[in-house]
Structure formats: structure tokens, C-alpha cells
Amino acid sequence: MRIEMASEPGDPGRPNEDYASAALPSSGQGGGLVVLDGVTPPSEDVGCAHGVPWFTARLGGAMLELAGSRRDLTLAECLSSAISRTAEAHDSICDLSHKRTPQATIVAARWNEEHVEHLVLSDSVLLMEHSDGTVTAVRDSRLDELPAHVVALRSRVRSLPEGTPERAAARAEFVRAVEALRNAPGGTGFYTAAADPSVASLAVTGTSRRSEVRALLALTDGATRWTETFRLGDWAQLLALVRKEGASALVARVREAELADPEGAAHPRGKRHDDASAVFAAFT
């Protein structure tokens, strides 16, 4: 079995808000991986004394431990318990009801000799390479279904020059619109792992036969830019790149593409650079 991972901050001067990990039990018969992408708040006012990197490390670590040790629980149940455990670690001193309380996207997978289970919440992606060589992208599509007025605001932000007051004002308006949809009641928006354990039931989950899966590749949206933003290849080509050259090579290629279009003129995006993480697990 081959496991490889890479994680790099978008800005070397700021902490990496991603989390990437994998574990192989000593028995050698199973394993798991967890990747989180922390949601960067638009201001320091998040009601939490700890911050996003602390949150993703605590939540990710709890999720990996539970996924490995509690095989009697589904991955969704593991996520629910991990969210509760993380909330209990700081609810006595932090305001977890704050709309910008630390939160994250999540991809998780675990396997044994018979099955491969997966879970995806929000806009990180899990690629599954099947025994016939085809690749499936497991995604939470709710962020693709934003209301028209929010999509229009995003397009306006991307059309304005980087660093201008006009772009800053448009981005602030867009952020407010997105925040109104994040973890909104009634199923009208999209969801991230924050302080409410019930959100785990809304994750995209599934199970495959181990014999039908060759490899898994978990990616934060900073790494999926290779396909989704810069259009350098499809999902199968992205996985093939990682299999051949490694997870670090994927992140390096993304950085090269970002530097070649620093203002986002050819490839509009919310940030010039983003934290980028990838965990690759090959069974064969």
C-alpha cells in the first residue's frame, strides 16, 4: 500500500488552515484518511480564542482517531462525535453560536479488506480510481447551486482588479451573501463542519467494495484548482499526475499556474493563492 500527502499554505506568512492525515493500523488490514479545509473568516471576529488552524487540527485529529477506532460507527456518526468532542474542548470560553465560529470542509475515507467508505462535506473533493481505471469525483454539489444573485456577486468580484477598493467592497458583499447561506436552516444553502454535530447527517457518504477501488485521492479546493480553475487536465489526469509524480508535484503545478496568472485575469479566483492539500492512498 502507498500513502502520500502534501499540504502547503497559500501564504507563507500565514498559518496553513488545511489539515491532512492518514493512518494505517498495525494489522495492515485497513486504514483511513482525513482532509479538512478551514474556512478563512473575513475578519478576526469569530467568537473564538483559538482560531481556524487550531480547530481544523482538533477536528481532523478527532475524526481520524474515531474513524480508525470506532468501526462500529458510520463515518457520519464519527464526524458527529468529532464535532461534539471539538466543541466541548472550547465551548466554555468561546462563542460557538457566532456565525463565523471556526469551521471546515471535510473529506474522509476508511477501508478494510472488504469495503471502502467515504464522506464528503462542502467543496473539498475525493477522487476514486476504480478497478477498470476510470476515476469518479465524489463531490458535495450544493456549492454549485448557489442562488443567481450570489453567483452574480462572485462574478463581479472576479471581474475587478486585484487590490482595488472596488474589489474589496464587492468581495465583502459577496462574503455576506455566502455567510447567509452557510449552515442555513431548512436546507436552503450549503454546509460545513462547525459546532453543530447534526450537520454530519448532511454529508455525502457511500461504500464501495475494496476490490473495485484502486486508489483514493482527497483534495482541498486549493489543490483542485489544477482541474477546476486552471483546466490543466480532467480528474483522471490529475490522479495520474499524483500517482506518477507525487502529491507535492500537484501542489507545485498549481503554484506555477497561480504565478503565471497572478491577477486572475485568465483564470478568475477568489484568492491569488490558497492553502492546498492532497492525500493519496493507492491499494494497487
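Among residues other than Ala169 whose Cβ falls under 13 Å from its Cβ, what is the net charge (Lys/Arg +1, Asp/Glu -1)?
Neighbourhood net charge equals +2.
Evaluate the distance, in nm, between pseudo-label points positioned 7 Å from the Cα of Glu114 and of Ala148 along their respective Cα→Cβ axes.
5.0 nm
Please list, ordered by chain and number, the residues whose modelled amide H lies under 5 Å from the amide H of Gly264; skip anything fewer than 5 residues away on the same chain.
Under 5 Å from the amide H of Gly264 lies no amide H from a residue far enough along the sequence or on another chain.
Give the calculated FRET efficiency between Asp72 and Leu259 to the nearest 0.05, with a Förster radius of 45 Å applied to their Cβ-Cβ distance.
So the FRET efficiency works out to roughly 0.40.
Provide Rg over Rh for the range 144-190; use the alpha carbon set for both Rg and the Kirkwood Rh (inverse mean inverse pair distance).
1.04
Apply the a/c threshold of 1.5 to the C-alpha gyration tensor of the range 1-104 and tell me whether it is rounded, prolate or oblate.
Since a/c reaches 1.5 but b/c is at least a/b, the shape of the range 1-104 is classed as oblate.
For the chain, set up a GNM with springs between Cα atoms under 10 Å and report which of Ala172, Ala194, Ala215 has the largest fluctuation.
Sorting by GNM fluctuation, first place goes to Ala172.
Please state the charge dipole magnitude for the range 126-215, taken about the Cα centre, from unit charges on C-beta atoms (+1 on K and R, -1 on D and E), reported in debye and rounded to the nearest 20.
Computed charge dipole of the range 126-215: roughly 100 debye.
What order, most packed first, do the peptides 271-283, 89-101, 225-237 have when packing is the mean number of other Cβ atoms within 10 Å of each residue?
In decreasing order of mean packing, 271-283, 89-101, 225-237 become 271-283, 225-237, 89-101.
So which cysteines in the chain don't have a second cysteine's C-beta under 4.7 Å from them?
Lone cysteines by the Cβ rule: Cys78.
Once you charge only the Cβ atoms, +1 for Lys and Arg and -1 for Asp and Glu, what is the size of the charge dipole of the chain about its Cα centre, to the nearest 20 debye?
Roughly 240 debye for the chain.
Extending each Cα 7 Å along its Cβ direction at Ala236 and His267, get the distance between those two points in nm, one decimal.
2.2 nm
Here, each number is a calculation from the coordinates, and none is a lab measurement. A quick note: this is a predicted structure, and the numbers were derived from the prediction, not measured. We place every Cβ from the backbone using ideal geometry, glycine too, and count neighbours over all the protein chains shown.
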